[in-house]
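Novice: The structure under discussion is supplied below as structure tokens; questions concerning it will follow.
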Amino acid sequence: DINKHLTVQMMQNPQILAALQERLDGLNGSPSGYMESLPKVVKRRVNALKNLQVKCAHIEAKFYEEVHELERKYAALYQPLFDKRSEIVSAAYEPTDEECEWKADEEEELTVSKQDEMKEKAKLEEEKKDEEKEDPKGIPEFWSTVFKNVDLLSDMLQEHDEPILKHLQDIKVKFSDPGQPMSFTLEFHFEPNEFFTNTVLTKVYKMRSEPDESDPFSFDGPEIMSCTGCTIDWTKGKNVTLKTIKKKQKHKGRGTVRTVTKTVPNDSFFNFFSPPEVPENGELDEDSEAVLTADFEIGHFIRERIVPRAVLYFTGEAIEDDDDDVSEEHLNSGLGLSR
């Protein structure tokens with residue numbers, strides 16, 4: 001085919017490719033060239049519009065401050081429900097038959113006869129289980145199952161963390177008081193355990209809701225600026241964030257070799273409570289920056305998704321919803337609909 005042959009030849013010619021690229025850049029609406037071509041009087045007016053845009057960013061910052069106030073107000077309304085959830089999980093409260101009644105949606109519903117047959121089968125299995133062992137209390141391993149079900153969290157989990165997380169009874173979100181700098185605290189509540197003496201481990205995230213003076217147009221709502229962990233009072237020999245390694249050392253003078261034991265950092269979810277500190281000048285090395293970026297994402301996700309919808313991550317239903325959200329985002333960005 002002659003057209004195909006011509007296309008192949010054209011694509012192999014660097015000058016034609018460069019010319020095509022230049023043309024494409026023009027079509028893509030490369031702003032600099034167009035702005036340069038504007039008359040001086042029009043450029044002045046564009047600057048006036050940009051100044052208006054900066055004012056918009058400052059108003060938007062105030063809007064998000066009010067959103068934070070609303071979040072605080074509604075957090076107080078959600079809390080009694082979260083407290084009840086915690087009591088059911090930890091077996092402090094046994095829900096009534098009425099509270100346990102759940103109507104399945106149409107997709108889940110089966111024919112009546114099939115349902116009866118399954119109920120009978122389930123009843124026999126339950127009776128068999130009851131004979132074998134006594135009923136478990138509450139909902140065992142509720143939060144550790146949530147962690148295992150969510151990739152973002154399970155990626156942080158090591159095998160040695162799992163026995164500790166089985167003692168996690170609740171995660172709470174606390175917002176900063178009115179008039180205080182914007183922040184939120186994640187509280188991880190643990191039952192008494194053999195690993196550490198703390199009953200609560202905390203992580204505070206400081207936020208900022210104001211445009212950056214050097215780049216006001218990048219403002220897109222409150223952002224996490226820094227975070228602070230807490231000291232974990234580990235029981236002797238139970239600190240999973242450290243490991244001991246044996247190293248051979250040669251004596252310089254005598255040439256003898258001896259084995260020394262060194263304590264080195266160990267991968268663990270509990271490093272989450274010892275984040276890198278942000279120096280006064282705000283400059284971080286690449287590794288620390290990568291750790292903090294991931295940390296902020298996890299903190300935000302726990303606050304926004306995990307705590308409000310824990311049961312749906314326990315059952316796995318929320319994970320399907322999140323996957324749908326992601327594919328919808330991809331679809332929207334493909335259609336130019338996302339922000």
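Novice: So which of 45, 72 is farther than 24 Å from residue 175 by Cα, outside any loop (DSSP other than H, G, I, E, B) and either at pLDDT 90 or above or not hydrophobic (A, V, I, L, M, F, W, C) (or both)?
Specialist: Criteria check complete, one pass: 45.
Novice: Moving to a separate point now. Within the stretch 231-239, can one find any residue that is open to solvent by 20 Å² or more (accessible area, probe 1.4 Å), among the hydroxyl-bearing types (Ser, Thr, Tyr), within 21 Å of residue 157 (Cβ to Cβ) and touching a residue at least 40 places away in the same chain (Cβ under 8 Å)?
Specialist: yes
Novice: I would also like to ask the following. Could you check residue 246 against (1) open to solvent by 80 Å² or more (accessible area, probe 1.4 Å); (2) assigned to a helix (DSSP H, G or I) and say which number it fails?
Specialist: Status for residue 246: all satisfied but (2).
Novice: If you don't mind, there's one more thing I want to ask. Considering each of 256, 228, 241, 263 in turn, give the residue that is of a type in the set (Ser, Thr, Tyr) and more than 26 Å from residue 291 (Cα to Cα).
Specialist: Within the list 256, 228, 241, 263, the selection yields 256.
Novice: Identify the single condition in (1) within 18 Å of residue 207 (Cβ to Cβ); (2) open to solvent by 80 Å² or more (accessible area, probe 1.4 Å); (3) not β-branched (Val, Ile, Thr) that residue 51 does not satisfy, given that it satisfies every other one.
Specialist: Of (1) within 18 Å of residue 207 (Cβ to Cβ); (2) open to solvent by 80 Å² or more (accessible area, probe 1.4 Å); (3) not β-branched (Val, Ile, Thr), only one is false for residue 51: (1).
Novice: Here's a follow-up. How many residues does the stretch 190-218 contain that are touching a helix residue (DSSP H, G or I) at 6+ places or on another chain (Cβ under 8 Å) and open to solvent by 50 Å² or more (accessible area, probe 1.4 Å)?
Specialist: 3
Novice: Right, here's the next one. What residue, among those in the stretch 263-284 that are part of a loop (DSSP other than H, G, I, E, B) and closer than 18 Å to residue 236 by Cα, is least open to solvent (accessible area, probe 1.4 Å)?
Specialist: 268
Novice: Name, by its number, the condition in (1) aromatic (Phe, Trp, Tyr); (2) modelled with pLDDT of 95 or more; (3) under 27 Å from residue 72 (Cβ atoms) that does not hold for residue 270.
Specialist: (3)
The values are calculated or read from the model by the stated rules, or taken from the named source; none is laboratory data. Bear in mind the structure is a predicted one, so any value in this text is a computation, not a measurement. With ideal geometry, Cβ positions are generated from the backbone for all residues, glycine too; neighbour counts draw on all protein chains shown. Remember, those area values only see protein heavy atoms, side chains included, never the ligands or the DNA or RNA. Shrake-Rupley method; radii C 1.70, N 1.55, O 1.52, S 1.80 Å.
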